[in-house]
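This report concerns only the one structure given below.
The values are calculated or read from the model by the stated rules, or taken from the named source; none is laboratory data. Small disclaimer: the values here were computed from a predicted structure and weren't measured. For neighbour counting, all protein chains shown are included, and Cβ atoms are generated from backbone atoms with ideal geometry for every residue, glycine included.
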Amino acid sequence: MKLPKEMQKKEKSKPKRPQAVKKREGQQMGSRQMRRKMQQQGIDMNQVDATRVIIEGTEKTLIINQPEVILMKQAGQEIYQVIGMAEEFSPEEITIGESDKMEEVEQIDESEMKPEITENDIMLVASQSNVEKEVAEAMLIECDGDIAKAILLLKNRP
C-alpha cells in the first residue's frame with residue numbers, strides 16, 4: 001500500500017533522533033570525558049601556564065617553546081605532561097643559567113638612581129617640620145628623597 005504524497009512528506013520532515021556514535025578502535029575519548037574519568041579515579045588535572053620547557057640530558061638538550069603543560073596529581077605524586085615541538089641542541093651550544101640576569105642586575109645597581117626631589121616635597125617637609133625651604137631641601141637631599149625620614153630628623157633635632 002502506497003501512502004499519498006502528503007503523508008510521505010510528513011514522514012521525511014520528522015526530526016531524526018540522535019544515534020549513538022560507533023567508536024572506532026583506537027579512538028580516544030573527548031577531553032571532557034577524560035577529565036571526568038580521571039576525577040573519578042582521584043586524579044586532579046590543572047593547566048600550567050608555561051612559556052618554555054627545557055629538558056637537559058647528558059647528550060642533548062631539548063627546548064620546547066610555547067608548550068602545553070598539564071599537571072596531574074594522584075596519591076601525592078605529580079605528573080607533568082608536556083605537549084609541543086622540541087628543538088634539539090648539544091650541551092655545548094646552550095648555557096642555561098643566571099649569568100645573563102646577574103649582569104643586568106649589576107648594571108642597574110651600579111648606575112646610582114637618584115630620586116627626583118620636587119617643589120611639593122620640599123614644601124611638605126618645610127611645613128610639617130616648621131623649617132625654611134632651604135633647610136628642608138638640604139635634609140631631603142641628605143635623606144635621598146625620603147620625605148618621612150627628613151621630617152622625623154628635622155622634628156627630632158636638638
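How do the pairs read when you match residues in the stretch 52-75 that are more than 16 Å from A86 (Cα to Cα) with residues anywhere that are assigned to a strand (DSSP E or B) and of a type in the set (F, W, Y), using Cβ under 7 Å and keeping only pairs 6 or more apart or on different chains? Matching pairs, first to second residue: L71/Y80. Of the residues examined, M45 is not one that is at pLDDT below 80 and either aromatic (F, W, Y) or more than 20 Å from the chain's Cα centre (by Cα) (or both). Residues that are assigned to a loop (DSSP other than H, G, I, E, B) and over 17 Å from the mean Cα position of the chain (by Cα) within the stretch 48-60 comprise G57, T58, E59, K60, listed in sequence order.
The set of residues in the stretch 32-68 that are of a type in the set (S, T, N, Q) and within 24 Å of S90 (Cα to Cα) comprises T51, T58, T61, N65, Q66.
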